[in-house]
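Data first, discussion second: the structure below is written as structure tokens.
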Amino acid sequence: MAKITIAIDGYSSTGKSTVAKQLADWLEYVYVDTGAMYRAIALFALRKGFISEVSFASDILVEELSKITLEFKKNSDGKAEIYLNDENIEKQIRSMEVSEFVSPVATISEVRKKLVEQQQKMGEGKGVVMDGRDIGTVVFPSAELKIFMTASSKTRAMRRFTELQQRGDMVTFEEVFKNVEERDHIDTTREDSPLRKALDAIEIDNSEMNIEDQFHTILQLAKDRIARRI
Ligand code: DC
């Protein structure tokens with residue numbers, strides 16, 4: 001069967017990764033969470049003290065980029081986890097602290113260039129489901145299927161808050177809501193590759209949709225695109 005490239009973009013906490021993983025499992029495609037890559041760079045910058053509440057030494061981060069190696073490796077359950085210079089950082093990158101600093105880090109063109117090159121290599125052979133903010137516009141502008149996911153900021157903040165609570169993180173709903181809105185603002189207004197719906201992307205607002213319905217809607221779109229390529 002012919003393989004296609006599936007690009008899933010959208011605002012934070014719209015459930016992109018949930019549906020991307022479901023699709024990749026069903027189609028036996030590779031799943032790439034590009035947000036995890038930006039989060040890994042933000043974690044690196046935080047640990048090195050390049051970024052804090054009061055300053056961001058972006059020029060030093062850019063100089064140090066060549067020292068960063070990112071890899072996805074499958075764990076014993078078959079789930080891909082991200083490694084920063086051979087250290088598994090899958091859990092650390094999901095913290096509220098990383099969420100607070102990742103959007104400024106993702107505005108840096110040199111960071112984007114390095115990650116986009118790696119993402120394009122990972123998707124070279126097609127058969128990939130990639131989620132992020134610029135997949136349909138920059139990474140794979142000729143992807144056969146592009147989805148743009150949206151949901152109200154309240155719905156998204158509530159989903160993220162529940163997730164963080166389940167992990168045992170001590171956060172308030174207000175903090176999470178503020179972070180979701182701040183990230184939306186930075187992600188959509190940055191100069192390099194802002195979050196935009198590609199002209200040929202299909203928009204899905206899942207505020208009122210359950211996970212199963214969403215999966216079946218997008219899977220049907222993927223099957224249609226695959227059938228056209230056979
Ligand atoms: O999907 P996520 O919330 O884990 O992404 C974290 C941040 O990374 C997000 O606020 C913006 C940035 N990002 C990006 O700029 N481009 C991508 N392709 C993926 C994520």
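The values are calculated or read from the model by the stated rules, or taken from the named source; none is laboratory data. What you are looking at is a predicted structure, and each value in this text was computed from that prediction instead of being measured. Neighbour counts run over all protein chains shown; Cβ positions are idealised from the backbone, glycine included. Surface accessibility is based on the protein's heavy atoms, side chains included, excluding ligands, DNA and RNA. Shrake-Rupley method; radii C 1.70, N 1.55, O 1.52, S 1.80 Å.
Inside the range 12-23, can you point out the residues that are near the ligand (Cβ under 9 Å from one of its atoms) and open to solvent by 20 Å² or more (accessible area, probe 1.4 Å)? Answer for the range 12-23, where residues must be near the ligand (Cβ under 9 Å from one of its atoms) and open to solvent by 20 Å² or more (accessible area, probe 1.4 Å): Ser13, Ser17. Which of the residues spanning the range 191-211 are at pLDDT 95 or above and over 16 Å from Phe148 (Cβ atoms)? Within the range 191-211, Glu191, Asp192 meet the criteria. Met170 satisfies every condition listed in (1) part of a loop (DSSP other than H, G, I, E, B); (2) open to solvent by 50 Å² or more (accessible area, probe 1.4 Å); (3) touching a Ser or Thr at 6+ places or on another chain (Cβ under 9 Å) except (3). Do we have any residue at all in the range 24-44 that's open to solvent by 60 Å² or more (accessible area, probe 1.4 Å), under 27 Å from Leu221 (Cα atoms) and part of a helix (DSSP H, G or I)? Yes; the residues of the range 24-44 include at least one that is open to solvent by 60 Å² or more (accessible area, probe 1.4 Å), under 27 Å from Leu221 (Cα atoms) and part of a helix (DSSP H, G or I). Checking Lys79, Lys113 one by one, the residue that is more than 11 Å from the ligand (Cβ to nearest atom) and either over 14 Å from Met37 (Cβ atoms) or over 16 Å from the mean Cα position of the chain (by Cα) (or both) is Lys79 and no other. Residues that are among the polar types (S, T, N, Q) and within 11 Å of the ligand (Cβ to nearest atom) were ranked within the range 116-140; the one that is nearest to Leu221 (Cα to Cα) is Thr137. Of the listed requirements (1) more than 18 Å from Ala24 (Cβ to Cβ); (2) loosely packed, with under 15 Cβ neighbours inside 10 Å; (3) not β-branched (Val, Ile, Thr), Arg190 misses just one: (2).
Residue pairs whose Cβ atoms lie under 6 Å apart, sitting 6 or more positions apart in sequence or on different chains, and linking a residue in the range 180-194 that is more than 8 Å from Ser103 (Cβ to Cβ) to a partner that is polar (S, T, N, Q) and more than 9 Å from the ligand (Cβ to nearest atom), are Val180/Ser153; Glu181/Ser153; Asp192/Ser109; Pro194/Thr188.
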